[in-house]
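Quick one: the structure is below, questions incoming.
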Amino acid sequence: MSLVLFRNGKLFDGLAAETRDGLEVLVEGDRIKEISDTRISASNARAVDLSGRTLMPGLIDAHFHAVAADPNIGHVENMPSSLIAQYSRGFFEASLQRGFTTIRDAGGADYGLARAIETGLIAGPRLFYSGRALSQTGGHGDFRPYEQVDSLCSCGLGARVFSRIVDGVSEVRRAARDELRKGASQIKIMASGGVASPSDPTWVLQFSEEEIRAIVWEAHSWRTYVMAHAYTPEAIRRCVEYGVRSIEHGNLIDAETAAYVAEQGAFVVPTLCTYDALSKHGSALGFPKISLDKLDSVRGAGLEALELLRAAGVKIGFGTDLLGEMHEHQLSEFAIRAQVLPAADILRQATSINAELLDRSGELGVVVPGALADLIVVDGDPIADIGLLSGQGEAVLMVMKGGAVYKDML
């Protein structure tokens, strides 16, 4: 069993508000075996001299779209699955090189991609996939344009890759059961209108109380949870009231709703970098005009939402929600959040808080004995300078996942 010993650096453990000096960390196999403030004796270990750099948990992106081969989701729906898989490989491998050792996919990734990562066919992060997201007819997962009129049953049209269109309690139950059967780590639903979908205003409510409660029950029966795309206070509150655990985006939340979310112990996963990237690059990359026209209604409220969530004590996750070539802006989420949040808070969001969201506390997102050895080395102290986590991870000098090294520039 391989041994790696890190010494002479700083440590951010994913929990504390500061880095610490003088600790040594021993990795045995795929786990962290020992952390000590005295010298660890391990003669057979590879000794890694950090020389003042920072060892920290691998980053976790809790809102990723591995199958978003094109910013225009309507185009993706018509792509061959073999082509989409090649785009997914590229997104996964680049994400790992930036320091993300775990991602939660928010619609489209499946068992095949997860298995390809597990077997080493793709050098990517750990994958917690939702399968295809559940959307009502005309919902955020229905990408049919206004011009498309279906004379036959539309149950299988307009949603082949990202989502599945389901209406009524019996259909949502069957769909949730089917995604869970296929290994989904959690279930994703569309509970309000969105930007990328052509026909639904961002304020429209989606799925009835009975439908949402049925989906939540099915997930609970598998000892997992539901994550919901939702923007407005009403959409967010009803989801949390009906048992949804993870609210995605939440840009338009108000103080009263934030307090309710905190009281119920639910999470909110903002994804601010996608709106920034879409506003700057979306038009040139083919993001539909009808979607760009809806972007401003949510983009401007993102930072205020972060402040409201923090003030209310909501558990804030870290996600990106990027599409197509805009995946390269994944690390920009750190700088955007840093406009209103302390660096230590953001780093915890991308590590230990996201691990709690994934029900993997103590195993992911932390540097503690017994945790999985998902570790990165940063050239400097990211709490003192959050800008070190930017670009394509140039300051991320080493990436380890499960004790295996995937990047080593030390």
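When the residues of the stretch 384-397 are filtered to those that are hydrophobic (A, V, I, L, M, F, W, C) and over 21 Å from the mean Cα position of the chain (by Cα), which remaining residue is surrounded by the fewest Cβ atoms within 10 Å (Cβ to Cβ)?
Taking the candidates together, the pick is 384.
Checking the conditions here, which among 310, 299 is surrounded by fewer than 19 Cβ atoms within 10 Å (Cβ to Cβ), basic (Lys, Arg) and more than 29 Å from residue 92 (Cα to Cα)? Full working, then the answer.
On the way: 299 fails: more than 29 Å from residue 92 (Cα to Cα).
Answer to the selection: 310.
Assess whether residue 83 counts as being buried (at least 17 other Cβ atoms within 10 Å of the Cβ) and more than 24 Å from residue 189 (Cα to Cα).
On the way: buried (at least 17 other Cβ atoms within 10 Å of the Cβ): no; more than 24 Å from residue 189 (Cα to Cα): yes.
The answer is no for residue 83.
Filter the stretch 209-240 down to the residues that are closer than 21 Å to residue 360 by Cβ and surrounded by fewer than 20 Cβ atoms within 10 Å (Cβ to Cβ) and list them by number.
Selection gives 220, 221, 222, 223, 224.
Let me ask another. Among the residues that make up the stretch 183-197, is at least one of them in contact (Cβ under 8 Å) with a residue 40 or more places away in the chain, over 21 Å from residue 320 (Cβ atoms) and part of a helix (DSSP H, G or I)?
No, because not a single residue in the stretch 183-197 is in contact (Cβ under 8 Å) with a residue 40 or more places away in the chain, over 21 Å from residue 320 (Cβ atoms) and part of a helix (DSSP H, G or I).
Restricting to the stretch 3-56, what's the tally of residues that are of a type in the set (Gly, Ala, Ser), under 18 Å from residue 406 (Cα atoms) and under 30 Å from the mean Cα position of the chain (by Cα)?
Matching residues across the stretch 3-56 total 1.
Which of the residues spanning the stretch 45-66 are assigned to a loop (DSSP other than H, G, I, E, B) and buried (at least 24 other Cβ atoms within 10 Å of the Cβ)?
Matches in the stretch 45-66: 58, 65, 66.
Inside the stretch 92-117, can you point out the residues that are hydroxyl-bearing (Ser, Thr, Tyr) and crowded, with 24+ Cβ neighbours inside 10 Å?
Result: 95, 101, 102.
Hey, could you check the stretch 1-34 for residues that are touching an Asp or Glu at 6+ places or on another chain (Cβ under 7 Å) and more than 24 Å from residue 385 (Cβ to Cβ) and say which is surrounded by the fewest Cβ atoms within 10 Å (Cβ to Cβ)?
1
Assuming residue 357 fulfils every condition listed in (1) in contact (Cβ under 8 Å) with a residue 24 or more places away in the chain; (2) of a type in the set (A, V, I, L, M); (3) more than 18 Å from residue 258 (Cβ to Cβ); (4) not assigned by TED's automatic domain parsing to the domain that holds residue 246 apart from one, which condition is it?
(3)
The values are calculated or read from the model by the stated rules, or taken from the named source; none is laboratory data. Owing to the predicted nature of the structure, the values given are computational and were not obtained by experimental measurement. Glycine gets a Cβ as well: all are built from the backbone with ideal geometry, and neighbour counts include every protein chain shown.
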